[in-house]
Amino acid sequence: MNLLLENCGISKKSADEISAIFNGGRVPHALILEGAPQPAALTAKTMAKACVCTSKGAKPCGQCAACKKAVAGSHPDIFILDGDAGTRAFPVDMIRKIRTDAYIRPNEADCKVYLLLGVQNMAEVSQNALLKVLEEPPENVMFIMTASNVSQLLPTIRSRAQVFTINGADGEKLPEKAFAIARAILNPKESELLFLLSDFSNDREGFRQTAGCLQLVFRDALVARSGGKSRLSGQDTAASLLCGSLTRSSLLELLEVTEKVPAALDRNANMPLLLTSFCACLRCAAGR
Ligand SMILES: [Zn+2]
């Protein structure tokens, strides 16, 4: 598989390490991404998307029907349990249900993916239930877990999964930066937004990744606007703030503005010009 881990908020080194395993064809049936919750979850979700993506090239392509379903949270072969919110997210009944379900063939994709986020919060009884399926993994099933600290897991779980320690890109500051930018868009004055963006004058990659994070925040706000509950950005506060302050069409426009960033960067656009125009487009989309 040609796995592409872009805009996940992790360092290039971490992304290359994980991609190398996948691209070498040694895909583990269970893996744990250890690191800060937000980039770890984003990476896990991108990997899940790649597992169901039907593109022949780099995955996830973001364009195929499977990728679109994955982004919308409606792919029938991706199951997400988010435990970062607290310890009750992994009830043992739920893990037993997953265990049974894992032996049923995938619905649409070549494999089923179980995303268990924040497994450091999983109670021991649930970990033991999970262990049974990790010991005798069904074919075409992948468990992708994230944990802020794997030492909080049973050694038996750790030994059954491949552990990757991931480092955030730029000390994990990018998602926070995206959050600050999202807030600044609502500000009537443009100075704050311009100031935040000026940090990227000499940091094309940082800008690319931040625009990717922003895209997820806008996407989350749009989903929230239509009453949906799926969140991908890990920035719930930013998403609800935007959802409460902007119209659906404004949010759609904001999404479009961020979607154009990678192409502009690939064209080798002049950074100060690109940032100034990005700022103007965001403000215009938000009706500021
Ligand atoms: Zn795809």
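The values are calculated or read from the model by the stated rules, or taken from the named source; none is laboratory data. Nothing here was measured: the structure is a model prediction, and the numbers come from that model. Glycine also receives a Cβ, built like all others from the backbone with ideal geometry; neighbour counts cover every protein chain displayed.
The table for this structure:
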| item | result |
| --- | --- |
| Whichever residue in segment 223-274 is in a helix (DSSP H, G or I), among the charged types (D, E, K, R) and out of contact with any Lys or Arg (no Cβ under 6 Å at 6 or more places or on another chain) and, among such residues, is nearest to ALA180 (Cα to Cα) | ASP236 |
| Counted residues, segment 63-75 - those being touching a residue at least 12 places away in the same chain (Cβ under 8 Å) and within 9 Å of the ligand (Cβ to nearest atom) | 3 |
| Test: residue in segment 208-222 that is touching a residue at least 60 places away in the same chain (Cβ under 8 Å) and in a loop (DSSP other than H, G, I, E, B) | no |
| Segment 143-155, residues that are loosely packed, with under 14 Cβ neighbours inside 10 Å and either without any contact (Cβ under 8 Å) to a residue 40 or more places away in the chain or not assigned by TED's automatic domain parsing to the domain that holds THR100 (or both) | SER151, GLN152, PRO155 |
| Criterion: among the aliphatic types (A, V, I, L, M), within 13 Å of the ligand (Cβ to nearest atom) and over 23 Å from GLN152 (Cβ atoms) - qualifying residue of ILE78, ILE21 | ILE78 |
| Residue check for THR46: of a type outside the set (Lys, Arg), within 16 Å of the ligand (Cβ to nearest atom) and under 18 Å from the mean Cα position of the chain (by Cα) | yes |
| Any hit, segment 49-61, residues being of a type outside the set (Gly, Ala, Ser), farther than 17 Å from LYS112 by Cβ, free of Cβ contacts under 8 Å to residues at least 24 places away in the same chain and not assigned by TED's automatic domain parsing to the domain that holds LEU232 | yes |
| Matching residues in segment 131-142 - criterion: being surrounded by 19 or more Cβ atoms within 10 Å (Cβ to Cβ) and without any contact (Cβ under 8 Å) to a residue 40 or more places away in the chain | VAL133 |
| Counted residues, segment 258-273 - those being out of contact with any Leu (no Cβ under 6 Å at 6 or more places or on another chain) and touching a residue at least 24 places away in the same chain (Cβ under 8 Å) | 6 |
| In segment 107-122, residue surrounded by the most Cβ atoms within 10 Å (Cβ to Cβ) [restricted to those that are touching a Cys at 6+ places or on another chain (Cβ under 9 Å) and aliphatic (A, V, I, L, M)] | VAL113 |
